[in-house]
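The values are calculated or read from the model by the stated rules, or taken from the named source; none is laboratory data. Since this is a predicted model, take the numbers as computed values, not measurements. Cβ coordinates were reconstructed from backbone atoms using ideal geometry, including for glycine residues, and neighbour counts include every protein chain displayed. To get the accessible areas, we keep the full protein, side chains included, count just its heavy atoms, and leave off ligands, DNA and RNA. Shrake-Rupley method; radii C 1.70, N 1.55, O 1.52, S 1.80 Å.
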Amino acid sequence: MVAVALLTTAVVGLPVALLLNRQLRGGALAGTAFLLGTGVVYGVLLMMAVAGVQWSLPAVAAALILIAGASLLAVSRRKRDLTPGALPFRFHPIDAATVAVIGAHFAFATIAPVWEWDFWAIWGLKGRVFYEARSVDWRFLGSPWNDFAHPDYPLLLPLNLTHAALWSAGWDDRWLGAFTAACALAIVLIVRWLTAEECSPVVSAAIGFVAASLGSSEHVGLAEGPLIALGTGGLLFIRRHLHGNDDGSLRAGAVLLGLAASTKNEGIALIVSAVLALLLFSRNRKEIVRLWPAAAILMPWIVLRMAHGLRGEFGAFVIDRFVNRLGAADAIAASLLQSLAQPFLWIALLVGLICVPAARRVRERFLLAVVAFQLLAYVAAYFVTPRDVMWHIATSWSRLTSHLLLPFALATLLALAQRRQGEEDRAHGEA
Amino acid sequence: MWRRHLSLLAFLLIVVASTDYSVVYRLLFRYDALRSTLRQAADPSPWFPEYIRFLGEVRRKTAPGDSIALAVPALHWEYGYSYAYYRASYLLAGREVLPLITPNDRFLPDNLSAADRVAAWQSRVLADRPALWKGHGGVLLGR
């Protein structure tokens, strides 16, 4: 029944995806539909909880059908148009390897009941508690005994797990890892179809393979997988808008970023990083205002969090801790380097960037700037953490950097692979 | 020309370096061992399997909304009690699980007296409460 829940999520998200961007088609439409569907599920369950309506499968299904129906109605009144000059999508044999990686990830994610500590102590715990209560259990979140469960974390993932439990008529974590795998599949579809518009089939297929590898989070059941998918999807759509002045892509990007912020607090930092990057590189800085859906989607949780007094872990004395830790900056840097996951990939990406002509790096500066700002934010967090900093780095740095590998890889690979008419490399005399 | 070759090499390097081959290898050639490892990953020895079975029975013998104080042999938060408490919170979701020690290893007698039930696994609790059920190395005490 988890499969039914996932399918329902995608179906509900389909008209919403078309409402935001009528140009979407193929895998990009399917992947975006699923990711937006997770947002619809999150919104429905949260609003029902706020309104005091107990969750039941018929009630939730009715609300989802209502939203999907309203979106479909709105979509039917809009004209469809295709991106002018977009390359047609073509499958390539490398896609078989991509399918194999996705299949392997599904097999891994569902090999056993979800085993990750942070699943049964944070994400799955909340999902299960809320399922038992048939609503958001604010008393549970507010209890000081449950501070370990990070009550300030946004609820997109727990509520989607609850949604799966409603369809399964009971909580069973045996198959919940499929949600992580579904998020990976969604971002692979988006990457493959969007890159096919600007790259040759072999290059697009190779990039799709990389997306499958880096989008398939090993942290099954945690929010890393959804954050990678939602965040990267949001950034890719904003990039598409910057290159083609496509309003639909900007809308979709903004909404996906809002949903990323509704998944983990790092998603909130991602919105800030995207805004900073747009401030630096957008031709029309007033466009930043058009990211308002991201903030609008995030605001209900911020308000609810404040209203219920749900505390974050950083607390007071942030500046004091920052100043005190400056003296240990070299030790922190050394620990960060030591704990870095996939160091060879990071080196390969940096080497790739160096190989790319400057003009191509400029084309990908939005993505690269977001990755840089987000990395800075993660490092800064260690200077203000209330926990033991070395312990915190050892237990979180590899997970956090996994959020950034996919957008970084996409920026580098697209820069390496781009071929455009009258491109600068001819001017440099490269045959 | 050399730049083009270097770009191609860098592209291929990134593609090759992006995959975690150890997971693929284990899925293809060590599936049963991987499954067995991950099935027990949440619950280290000596907790597995009796502590989990104990919590399963506690869940069956309590009602939603019951407050349950948790006693286990680990008396230090960082050396076992936190694991036992978080695990109980998950497996007894719907009940209110109350710790008996704080992260600073301070005992919480108020939680012991306030709880509807006490779930004591491989530990003795000095409290005047009737034993409702015994099994899997533990006892469930009533009010």
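The table that follows gives values for the structure above.
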read-out: nm² value of the averaged projected area, convex hull over the Cα atoms of region A:235-322; value: 6.7 nm²
read-out: Ordering of A:18-25, A:180-187 by packing [mean C-beta count within 10 Å, highest first]; value: A:180-187, A:18-25
read-out: Average projection area in nm² (convex hull over Cα atoms of region A:118-170, one quarter of hull surface); value: 3.3 nm²
read-out: Peptides ranked, highest mean first, by Cβ atoms within 10 Å: ranges A:368-377, A:279-288; value: A:368-377, A:279-288
read-out: Folded to 0 to 90 degrees: helix B:50-60 orientation relative to chain B principal axis, Cα; value: 60 degrees
read-out: Protection-proxy order for peptides B:91-98, A:387-394, A:319-326, A:261-268, each taking the mean of Cβ atoms within 10 Å per residue, highest first; value: A:261-268, B:91-98, A:387-394, A:319-326
read-out: For the protein assembly as shown: accessible area per residue (Å², 1.4 Å); value: 43 Å²
read-out: D (Stokes-Einstein, µm²/s), Kirkwood Cα radius, region A:2-52, 0.692 mPa s at 37 °C; value: 294 µm²/s
read-out: For chain A: span of alpha carbons on each principal axis (Å, largest first); value: 68, 60, 45
read-out: Delta accessible area of at least 10 Å² on complex formation, residues of region B:38-60, 1.4 Å probe, chain isolated as reference; value: B:L38, B:R39, B:A41, B:A42, B:R59
read-out: Magnitude of the charge dipole, chain A, Cβ model with Lys/Arg +1 and Asp/Glu -1, debye to 20; value: 1200 debye
read-out: Where B meets A: accessible area buried, both sides, 1.4 Å probe, Å²; value: 3800 Å²
read-out: Over region B:1-58 - Rg/Rh using Cα atoms and the Kirkwood inverse-distance radius; value: 1.42
read-out: Kirkwood Rh, Cα atoms: Rg over Rh of region B:63-123; value: 0.93
read-out: List of region A:323-367 residues, accessible area with partners at least 40 Å² below that of the chain alone (1.4 Å probe); value: A:L345, A:A348, A:C355
read-out: Kirkwood Rh and Cα Rg combined as Rg over Rh, evaluated for region A:84-149; value: 1.30
read-out: Using alpha carbons only: equivalent-ellipsoid semi-axes of chain B, gyration tensor based, whole Å; value: 48, 18, 13
read-out: Stokes-Einstein translational diffusion, region A:228-387 - Kirkwood Rh over all Cα pairs, 1.306 mPa s, 10 °C, in µm²/s; value: 91 µm²/s
read-out: log10 of Debye I(q)/I(0), alpha-carbon scatterers only, for region A:197-266 at 0.15 Å⁻¹; value: -0.57
read-out: Amide H within-cut-off set for B:G138, under 5 Å, with H built and near neighbours excluded; value: B:Q122
read-out: Hz values of 3J(HN,Hα) by residue in region B:104-118 - Karplus curve (6.51, -1.76, 1.60), Gly and Pro given as x; value: 9, 6, 8, 6, 10, x, 5, 5, 5, 7, 7, 5, 5, 9, 10
read-out: Cα-only radius of gyration and Dmax that characterise region A:281-347, units Å; value: 19.2, 45
read-out: Portion, in percent, of the accessible area of region B:4-135 that falls on carbon or sulfur, probe 1.4 Å; value: 57 percent
read-out: P(r) weight above 21 Å for region A:51-209, C-alpha pairs, percent; value: 62 percent
read-out: B:R95 long-range amide H proximity, modeled H, under 5 Å; value: B:G65
read-out: Candidate aspartates and glutamates - alpha carbon under 20 Å from A:K264, same-chain residues fewer than 8 apart omitted; value: A:E116, A:D118, A:D137, A:D147, A:D152, A:E218, A:E224, A:E313
read-out: Against the rule of thumb 2.2 N^0.38 Å, how large the Cα Rg of region A:162-300 comes out; value: 1.13
read-out: Over chain A: helical MRE at 222 nm, DSSP H runs n ≥ 4 each giving -39500 (n - 2.57), nearest 500; value: -23000 deg cm²/dmol
read-out: When region A:295-399 is reduced to its Cα atoms, the Kirkwood hydrodynamic radius in Å; value: 16.6 Å
read-out: Along each principal axis, Cα extent of region A:1-106, largest first, Å; value: 51, 39, 17
read-out: Solvent-accessible area, 1.4 Å probe, carbon plus sulfur percent, for region A:100-247; value: 58 percent
read-out: Averaged over A:202-208, number of beta-carbon atoms from partner chains that fall within 10 Å; value: 1
read-out: Choice from A:V303, A:V379, A:V101 showing the highest fluctuation, given a GNM over chain A with Cα pairs closer than 10 Å; value: A:V303
read-out: Residues along region A:107-137 losing 50 Å² or more of accessible surface when the other protein chains are present rather than the chain by itself (probe 1.4 Å); value: A:F108, A:I111, A:W115, A:W117, A:W120, A:R128, A:E132
